[in-house]
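Okay, structure first, notes after.
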Amino acid sequence: MAIANRTIGVVVGCALLGSAVGAFAQDWPQWRGPNRDGKVAGFDAPQTWPKTLESKWRKSVGTGDATPALVGDKLYVFTRQGGDEVIRCLDAESGKPLWQEKYAARAVTGAPSSHPGPRSSPTVAEGKVVTLGVGGILSCLDAGTGKVAWRSDVFASHVPQFYTAMSPIVVDGMCIAHLGGEGEGAVIAFDLATGNQKWKLAGDAPAYASPVLMTVEGAKQLVVQGEKSLAGIAVSDGTQLWRVSTPPQRRYFLNSATPIVDGSTVIFTGQGAGTKALAIEKRDSGFAAKELWANEQLGTGYNTPVLKDGLLFGLSDRGNFFCMSARTGKAAWTDTGRRDRFGAIVDAGEVLLALPANSQLIAFKPSGKKYVQVAAIKVADSPTYAHPVVAGKRIFVKDRDALTMFAVE
């Protein structure tokens, strides 16, 4: 049961693409940043890293593993307090509450009960903030006031074993979410302004990964990792363009890694079967996915690698940092240090920033030759399953029940 409880960390939530009103280059408006690729612009890495980071403010916000969204001078935080799921907006510089909205949340029972808060990260786009609660309630609020625009519970009675974790995506005026539970699910597009259903593709159940956007031969499509398959879905009408089977979920692996898009190539991992790359090709009859390479020995457990300069940097399912060629799948190096398999890695320019569940922020060089660590700093006294939000000289860290803003000087 201890392993099952830790597995809930996968449920670390997974959150949205679209143009956020008032957005800046340093914004983090959705799951894994502006483009869902774990990259952030404008981070100023110090010449000499300190042993500790200065805390500018710390605020108790409630339990949950959802990563906050940052847009301009506002932070959007999604947590659980008591029996409610709470969506709140904070001033990023001071932590001062600006507004909040809440509703009664579904009870989380069994092994997942040690993580009762949301795992799905909020997204801010087109003047709205969208959240997906642990019980499948999808909410859309006005980002400026917190007023509810619409709410949907179409799949609230059927959620995954460890509750919801995928983060919805906003694109072309639609909020698109993969909803449902074991054995039954659907990818549904809702009109962002009204909540009216635009299209629905029934089929594979959701896993704990989040969809990403790619364009091949002018066709805009979502890449969606489900319970049993990886698929490309047309943004315009929900047509399935291609599909490949992926290893089934099992005790230690729950399809929790977000797919990685590199042009017309999709790289996927997280099933305990290594890492694979597919070429998505346009053909007369539509689209097809062709395997480019497979590394069956090296892959992730509960994190998504970042792609930088043709290299993939991740935290392996054995708890080691690794570097792999995105062109061939060949391992460049694997660090010998053992860490938790749960974690987040961010491409912050001169350095990669990793935050494993042990709450130690690690900075290392984006080198293809060897692992070079430049800093390891404790940033919380409780486990951290959310991504660090990095902006300029600021790093926002959500731990078990609090949010802290650190300054990097």
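The values are calculated or read from the model by the stated rules, or taken from the named source; none is laboratory data. What you see is a predicted model, and the numbers here were worked out from it, not measured in a lab. Glycine gets a Cβ as well: all are built from the backbone with ideal geometry, and neighbour counts include every protein chain shown.
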(request) Would you mention how many residues in region 129-149 are surrounded by fewer than 23 Cβ atoms within 10 Å (Cβ to Cβ) and either assigned to a loop (DSSP other than H, G, I, E, B) or of a type in the set (Lys, Arg) (or both)? (result) 6
(request) Looking only at region 351-362, decide whether some residue is crowded, with 16+ Cβ neighbours inside 10 Å, of a type in the set (Val, Ile, Thr), more than 26 Å from Gly274 (Cβ to Cβ) and touching a Phe, Trp or Tyr at 6+ places or on another chain (Cβ under 9 Å). (result) yes
(request) Go over the candidates Ala189, Ala193, Ala231, Ala202 one by one and state the one that is more than 16 Å from Leu132 (Cβ to Cβ), buried (at least 20 other Cβ atoms within 10 Å of the Cβ) and modelled with pLDDT of 95 or more. (result) Ala231
(message) Exactly one of these conditions fails for Thr123: (1) touching a Pro at 6+ places or on another chain (Cβ under 7 Å); (2) of a type outside the set (A, V, I, L, M, F, W, C); (3) farther than 20 Å from Lys198 by Cα. Give me its number.
(response) (3)
(request) Restrict the check to region 171-178 and report whether at least one residue is more than 22 Å from Gly301 (Cα to Cα), in contact with a strand residue (DSSP E or B) (Cβ under 6 Å, 6 or more places away or on another chain) and of a type in the set (D, E, K, R). (result) no
(request) Answer yes if at least one residue in region 104-119 is in a strand (DSSP E or B) and crowded, with 24+ Cβ neighbours inside 10 Å, and no otherwise. (result) no
